[in-house]
Amino acid sequence: MYNAKITGLGFYVPEQVVTNDDLSKIMDTNDAWIQERTGIQERRWIHKDSEDSTSLMGAKAGKIAIERAGLTKDDIDFIVFATLSPDLYFPGGGVDVQALLDMPTIGALDVRNQCSGFVYAMSVADQFIKTGMYKNILVIGSEYHSGGLDKTTRGRGVSVIFGDGAGAVVLSRTEEKGKGILSTHLHSEGKHAKELVLEGPSTSRWVPEIIENNDPNDVSFYPYMNGQFVFKHAVTRFSEAILEGLEKNKLSVTDIDLLVPHQANLRISQFIQRKFKLSDAQVYNNIQRYGNTTAASVVIALSEAWEKGKIKDNDLVVLAAFGSGFTWGSVFIRW
Ligand code: UT7
């Protein structure tokens, strides 16, 4: 069995910065509410004149990760692409990245696990490397929310939270013992699927049905979130996913050098930090500047933390996520 190690990482966010004050001009909200409840100060939203898309942002992040790994596109054996906002209903974004980066005809797999998408994608890629099937895998999380949000007062409970962006890592085979991904832990609880959901258009809610109903109050094609319900489950499941990995690897909380939680809400991260008695230096948050970018959030935060020199050789880095499904999980990495 081989180990899988991150050899390159990078992120890309659209240029347009949207502040809380900008939002208060288009809906009944304000900077104080958003900051107090979520910690978010601003987010990036793709400008209407920009060519950026979920796939293109993913490809841009992927290109950076490949270069930083000291590899070329021809060295990559497989793509795993996580998003809840693909450019098309089908096919998924993985094949777009293969085309955009002009890669050989390697396999491309799409992961549909929302906020946990990157954690799931890392676990999938890890298995392919551990078994020896592939040597270098490009793992991407990318998200384009802003085009599909209800940007009126009706949708303010959700639309102020989400941002656009992408991040990527190259996961490579290593024979170094005890290095790279130590373990991954994945969970789901589908009975809560409707608590954080975008119902249609889908096979349970086709476009003709939506058009036929012609109901101006139909919001089924906007994301819905039962915020407080999701919040309560998030804090519990984040904690469980971290504890599970610590136990599996016979480690304790004090061994964690950097926790990179999914950037769902700064209050959730702070709750986890207090619960595990972690210092500010042990937890990386950037939701203040990018909002919640779902499948991209963990990898954008990981990449930014690495760029800022917050991760050193041999550090124990823990990724954890929770979101729609519900799905949740963690990745334990010895850097
Ligand atoms: O990434 C996947 C996982 N996601 C999460 O884990 C998110 C979990 N949930 C949350 O982060 C929080 O529940 C939210 C940030 C989404 C909402 O915060 P909350 O403290 O749960 O607020 P709430 O939904 O209970 O709303 C409180 C009040 C309501 O007004 P009334 O009924 O008390 O008069 C809302 O209408 O705040 C109002 N409100 C707003 N006011 C100003 C809701 N959104 C806004 C807004 N601006 N944007």
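The values are calculated or read from the model by the stated rules, or taken from the named source; none is laboratory data. Here the structure is a predicted model, which is why all the values come from computation and not from measurement. A quick note on method: Cβ atoms are made from the backbone with ideal geometry, for glycine too, and the neighbour counts reach across all protein chains shown.
Quick look at the values:
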| item | result |
| --- | --- |
| Members of the stretch 19-64 that are of a type in the set (Phe, Trp, Tyr) and more than 9 Å from the ligand (Cβ to nearest atom) | TRP45 |
| Hey, GLY291 closer than 16 Å to SER330 by Cα and in the same structural domain as ALA320 (by TED's automatic domain parsing) or not | no |
| Residue within the stretch 214-221 that is without any contact (Cβ under 8 Å) to a residue 60 or more places away in the chain, within 21 Å of HIS262 (Cβ to Cβ) and either in contact with a strand residue (DSSP E or B) (Cβ under 7 Å, 6 or more places away or on another chain) or within 14 Å of the ligand (Cβ to nearest atom) (or both) present | no |
| Search result, residues across the stretch 192-227 that are among the β-branched types (Val, Ile, Thr) and within 28 Å of ASN265 (Cβ to Cβ) | VAL197, VAL219 |
| Lone unmet requirement of (1) within 16 Å of the ligand (Cβ to nearest atom); (2) over 21 Å from the mean Cα position of the chain (by Cα); (3) not in a loop (DSSP other than H, G, I, E, B) for ALA99 | (1) |
| Sole exception among (1) within 16 Å of the ligand (Cβ to nearest atom); (2) under 17 Å from GLN288 (Cβ atoms) for PHE11, by number | (1) |
| One residue from ALA121, ALA125, ALA193 being in a helix (DSSP H, G or I) and in the same structural domain as ASN314 (by TED's automatic domain parsing) | ALA193 |
| Residue match in the stretch 49-66 (condition: of a type outside the set (Gly, Ala, Ser), assigned to a strand (DSSP E or B) and surrounded by fewer than 22 Cβ atoms within 10 Å (Cβ to Cβ)) | no |
| Counted residues, the stretch 121-145 - those being among the basic types (Lys, Arg) and more than 20 Å from LEU186 (Cα to Cα) | 1 |
| Only one of LEU71, LEU56, LEU84 that is under 25 Å from THR174 (Cβ atoms), modelled with pLDDT of 95 or more and not assigned by TED's automatic domain parsing to the domain that holds VAL317 | LEU71 |
| Selection from the stretch 85-124 of residues that are touching a Pro at 6+ places or on another chain (Cβ under 8 Å) and surrounded by 23 or more Cβ atoms within 10 Å (Cβ to Cβ) | GLY93 |
| Residue satisfying all of: in the stretch 143-183; acidic (Asp, Glu) and buried (at least 24 other Cβ atoms within 10 Å of the Cβ); farthest from the ligand (Cβ to nearest atom) among these | ASP164 |
| Test: residue in the stretch 224-231 that is near the ligand (Cβ under 10 Å from one of its atoms), surrounded by fewer than 20 Cβ atoms within 10 Å (Cβ to Cβ) and not in a helix (DSSP H, G or I) | yes |
| Hits in the stretch 154-182 (condition: modelled with pLDDT of 95 or more and either of a type in the set (Val, Ile, Thr) or at positive phi (or both)) | VAL158, VAL160, ILE161, GLY165, VAL169, VAL170, THR174, GLY180, ILE181 |
